[in-house]
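First up is the structure itself, then whatever we jot down about it.
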Amino acid sequence: MNQEKRTCQNCKQSFVIEPDDFGFYERMRVPAPTFCPACRTQRRMAFRNDGFLYKRKSDFSGESIFSMYSEKSPIKVYELEAWYSDKWDPISYGRDVDFSRPFFEQIREMFQEVPWRARGIIKPVGSEYSNNFTGFKNCYLCFNGSESEECGYSNGLDYSKNSFDNSHIAYCELAYEGFWLTRCNTIAFSSQCEDSFNIWFSKNLRGCSNCFGCANLTNKSFCIFNRQYTKEEYEKEIQKYNLGSRSAVKMLWQRAQKFWLQFPEKFMQGAKNSRVSGNYINQSKNVFESYLVRSGEDLKSCQYLQTGPNKDCRDLTFFVGNELVYEAAQCGDGAYNLKFCFQCWTNVKNLQYCTSCLSSSDCFGCSSLRNKQYCILNKQYTKEEYEKLVPKIIAHMNEMPYVDEKGRKYCYGEFFPAAFSPFAYNETIAQEYFPLTKDEAAEQGYAWKDQEAKGYSVTLPVEEIVDDIKFADESILNQVIECAHEGRCNDQCTKAFRIIPQELLFYKRMNLPIPDLCPNCRHFERLKRRNPIHLWHRACQCAGTKSENGVYTNTAAHQHGAGKCTNEFETSYSPDRPEIVYCEQCYQAEII
């Protein structure tokens with residue numbers, strides 16, 4: 001089939017469907033999408049709360065529980081023990097298909113009547129204040145990760161220990177304020193580093209140790225702002241920096257960011273890949289237009305698949321262990337042949353339009369099932385009845401589509417409408433990548449949650465927080481500390497925060513100052529280091545012996561010689577950004 005250009009029914013912009021896309025849709029037996037890739041991603045992300053927990057009453061016991069769903073969410077919520085128990089039966093909510101009404105309306109009714117579990121967790125140990133994880137142990141306010149312990153205030157956290165305030169790290173220990181780190185130990189205020197130890201204020205390091213304020217180094221030790229020192233000289237020089245002082249750290253952070261801009265960035269962040277496009281992709285093959293992916297194969301338009309494996313998937317956001325999955329969010333752990341599903345995992349297969357289903361197969365339009373097969377709208381059928389009814393439902397969805405308030409049609413082949421999300425838009429990760437105002441969210445059909453007043457009083461104003469960690473004692477654990485942003489930012493500021501005991505021990509161990517921002521503000525400040533999902537077509541900025549802007553002088557001869565590099569690429573660095581962006585060949589020639 002030939003390439004086709006179509007118009008997105010949501011944003012009205014044109015998008016292209018490639019021949020290999022049509023091949024995948026034919027393989028999955030689904031129609032081509034009517035939303036563009038960006039709008040499909042935004043819609044899936046609007047079904048993922050990746051940073052907010054609430055106290056609310058359980059609809060099972062009436063007791064107060066922690067939940068990712070607020071009291072204002074239109075769904076019923078059970079505590080985990082009750083949801084997983086035999087004290088209720090999801091099949092009791094089953095109903096016949098009503099062919100006089102759009103099927104999506106019936107799915108929405110299932111959403112709002114069948115109870116959901118309070119948090120999306122597997123194998124939790126002492127991590128009551130965390131969510132969307134597998135195997136967390138003693139973690140506090142950590143979201144989206146697996147097999148980590150003694151960590152706090154982080155998201156995208158996998159196989160890591162004793163770390164605080166990080167985003168998208170894997171196999172790390174003693175990490176602080178890090179972004180996209182892999183197999184690093186004792187590392188702070190650093191980004192995009194691998195296999196490195198004792199690293200501070202650095203970016204794009206591989207196999208390095210004892211480096212401070214560095215950029216674009218490989219297998220180096222005892223370097224400060226890319227200048228080589230002996231071990232003795234390095235240790236003496238480092239003593240001049242008072243890393244326990246918040247004011248000193250802020251100055252060093254500003255200096256490091258300016259220093260990094262003097263060096264080229266590779267057009268995409270990734271390593272050990274074969275035929276990939278997008279950003280933050282490692283150890284992957286044939287992965288295109290994707291973002292934050294490790295160990296992926298044959299993927300397109302996927303995001304947040306951070307540990308792998310994932311294979312033969314498109315339009316998949318969150319989790320790992322998927323094969324042949326299309327237009328799904330938060331599915332995995334042995335998922336096979338899923339279409340248009342949300343929160344389905346652990347050896348699930350052949351599911352369509354299902355939510356919160358575990359260890360089930362061959363189900364359509366179901367919610368909160370466990371170990372079931374051949375169910376439609378939570379009603380049990382025989383195999384023969386199921387296989388006869390599903391084609392009729394699909395035909396009905398096309399003949400009588402759901403039409404939302406904005407006139408968007410939802411036939412078979414569309415993910416759930418935005419209005420079906422159990423979250424307000426500004427509770428979800430969509431707000432990070434596709435930020436909207438309250439009015440804009442309403443215009444696009446999303447709910448919005450106004451920030452609730454907190455019932456606490458600040459006991460420690462921001463100007464009275466001790467500057468140096470050596471002056472902080474356990475009395476600070478009793479303080480309600482004012483956030484320096486004071487709610488004036490757009491980062492869901494809580495205006496005040498506390499320090500927990502393990503956090504104070506971590507700061508003391510690492511000689512780090514007490515922060516002056518609340519966890520939410522720290523999170524959004526850290527994510528400013530993360531490039532957007534959007535890609536721009538650009539050319540390499542290597543002009544021969546120097547970068548185009550004349551800031552960087554090349555250290556090696558390049559394949560293109562003294563003339564300008566002619567390589568072009570898709571990159572998440574927009575043309576108006578200050579970074580120097582090089583192609584793969586030019587960047588690798590400059591890594592020292």
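Condition check: in contact (Cβ under 8 Å) with a residue 60 or more places away in the chain, buried (at least 24 other Cβ atoms within 10 Å of the Cβ) and farther than 21 Å from residue 49 by Cα. Does residue 105 satisfy that?
So residue 105 does not fit the description; no.
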*Take residue 302 and decide whether it is modelled with pLDDT of 95 or more, crowded, with 24+ Cβ neighbours inside 10 Å and within 26 Å of residue 172 (Cβ to Cβ).*
yes
*Please enumerate the residues belonging to region 554-588 that are closer than 19 Å to residue 206 by Cβ, hydrophobic (A, V, I, L, M, F, W, C) and modelled with pLDDT under 95.*
556
*Does any residue of region 87-101 turn out to be touching a helix residue (DSSP H, G or I) at 6+ places or on another chain (Cβ under 8 Å), of a type in the set (Ser, Thr, Tyr) and surrounded by fewer than 21 Cβ atoms within 10 Å (Cβ to Cβ)?*
yes
*Only listed residue being surrounded by fewer than 19 Cβ atoms within 10 Å (Cβ to Cβ), in contact with a Leu (Cβ under 9 Å, 6 or more places away or on another chain) and part of a loop (DSSP other than H, G, I, E, B), chosen from 453, 556, 484, 562*: 484
*Would a scan of region 167-175 turn up a residue that is surrounded by 16 or more Cβ atoms within 10 Å (Cβ to Cβ) and in contact with a His (Cβ under 8 Å, 6 or more places away or on another chain)?*
yes
*Go through region 188-204 and count every residue that is under 21 Å from the mean Cα position of the chain (by Cα), within 18 Å of residue 525 (Cβ to Cβ) and assigned to a strand (DSSP E or B).*
4
*asked:* Suppose the filter is touching a helix residue (DSSP H, G or I) at 6+ places or on another chain (Cβ under 9 Å) and surrounded by fewer than 24 Cβ atoms within 10 Å (Cβ to Cβ); does residue 202 pass it?
replied: no
*asked:* Quick check on my filter: what residues within region 10-27 are of a type outside the set (D, E, K, R) and over 26 Å from the mean Cα position of the chain (by Cα)?
replied: 14, 19, 22, 23
*Please tell me if residue 285 is basic (Lys, Arg), under 24 Å from residue 586 (Cα atoms) and either over 22 Å from the mean Cα position of the chain (by Cα) or at pLDDT 95 or above (or both).*
yes
*Pairs only if they're at least six apart or on different chains, beta carbon under 8 angstrom, first in region 452-472 and closer than 25 Å to residue 52 by Cβ, second among the polar types (S, T, N, Q) and not in a loop (DSSP other than H, G, I, E, B); list them, first residue then second.*
459/478
*For region 510-552, what are the residues that are charged (D, E, K, R), surrounded by 17 or more Cβ atoms within 10 Å (Cβ to Cβ) and without any contact (Cβ under 8 Å) to a residue 60 or more places away in the chain?*
none
*Residues of region 314-371 satisfying the condition of being under 21 Å from residue 292 (Cα atoms), part of a loop (DSSP other than H, G, I, E, B) and of a type in the set (Val, Ile, Thr)*: 320
_Exactly one of these conditions fails for residue 405: (1) acidic (Asp, Glu); (2) at pLDDT 95 or above; (3) part of a loop (DSSP other than H, G, I, E, B). Give me its number._
(2)
_Return the residues of region 460-503 that are over 18 Å from residue 246 (Cβ atoms), of a type in the set (Val, Ile, Thr) and touching a Lys or Arg at 6+ places or on another chain (Cβ under 8 Å); say none if nothing qualifies._
480, 494
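Residues are listed down the side, and each one gets a yes or a no for (1) touching a helix residue (DSSP H, G or I) at 6+ places or on another chain (Cβ under 7 Å); (2) surrounded by 17 or more Cβ atoms within 10 Å (Cβ to Cβ); (3) assigned by TED's automatic domain parsing to the domain that holds residue 520; (4) in contact (Cβ under 8 Å) with a residue 12 or more places away in the chain:
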{"site": "57", "(1), (2), (3), (4)": "no, no, no, yes"}
{"site": "60", "(1), (2), (3), (4)": "yes, yes, no, yes"}
{"site": "64", "(1), (2), (3), (4)": "no, no, no, no"}
{"site": "68", "(1), (2), (3), (4)": "no, yes, no, yes"}
{"site": "71", "(1), (2), (3), (4)": "no, no, no, yes"}
{"site": "74", "(1), (2), (3), (4)": "yes, no, no, yes"}
{"site": "78", "(1), (2), (3), (4)": "no, yes, no, yes"}
{"site": "81", "(1), (2), (3), (4)": "no, no, no, no"}
{"site": "84", "(1), (2), (3), (4)": "no, no, no, yes"}
*Would you check if residue 243 is touching a residue at least 60 places away in the same chain (Cβ under 8 Å), outside the structural domain of residue 577 (by TED's automatic domain parsing), part of a strand (DSSP E or B) and out of contact with any Phe, Trp or Tyr (no Cβ under 6 Å at 6 or more places or on another chain)?*
no
_Verdict on residue 468 being over 32 Å from the mean Cα position of the chain (by Cα), surrounded by 12 or more Cβ atoms within 10 Å (Cβ to Cβ) and at negative phi_ = yes
*Within region 16-25, is there a residue that is within 19 Å of residue 424 (Cβ to Cβ) and of a type in the set (Phe, Trp, Tyr)?*
no
_Just to verify a result, which residue in region 51-83, among those that are under 18 Å from residue 368 (Cβ atoms) and among the hydroxyl-bearing types (Ser, Thr, Tyr), is farthest from the chain's Cα centre (by Cα)?_
61
_Is it the case, given these coordinates, that residue 489 is in contact with a His (Cβ under 9 Å, 6 or more places away or on another chain) and either of a type outside the set (Ser, Thr, Tyr) or in a loop (DSSP other than H, G, I, E, B) (or both)?_
no
*Among the residues of region 513-551, write down those that are over 33 Å from the mean Cα position of the chain (by Cα) and in a loop (DSSP other than H, G, I, E, B).*
543, 544, 545, 548, 549, 550, 551
*Being surrounded by 13 or more Cβ atoms within 10 Å (Cβ to Cβ), out of contact with any strand residue (DSSP E or B) (no Cβ under 7 Å at 6 or more places or on another chain) and not small (Gly, Ala, Ser), is that true of even one residue in region 267-281?*
no
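Please give the strands (runs of 3 or more DSSP E) falling wholly within region 76-183 in which 2 or more residues are over 30 Å from residue 414 (Cα atoms). First the steps, then the outcome.
On the way: elements: 131-134, 140-146, 152-158, 164-170, 173-182.
Correct list: 140-146, 152-158, 164-170, 173-182.
The values are calculated or read from the model by the stated rules, or taken from the named source; none is laboratory data. The structure presented is a predicted model; accordingly, all values stated were derived computationally and were not measured. A quick note on method: Cβ atoms are made from the backbone with ideal geometry, for glycine too, and the neighbour counts reach across all protein chains shown.
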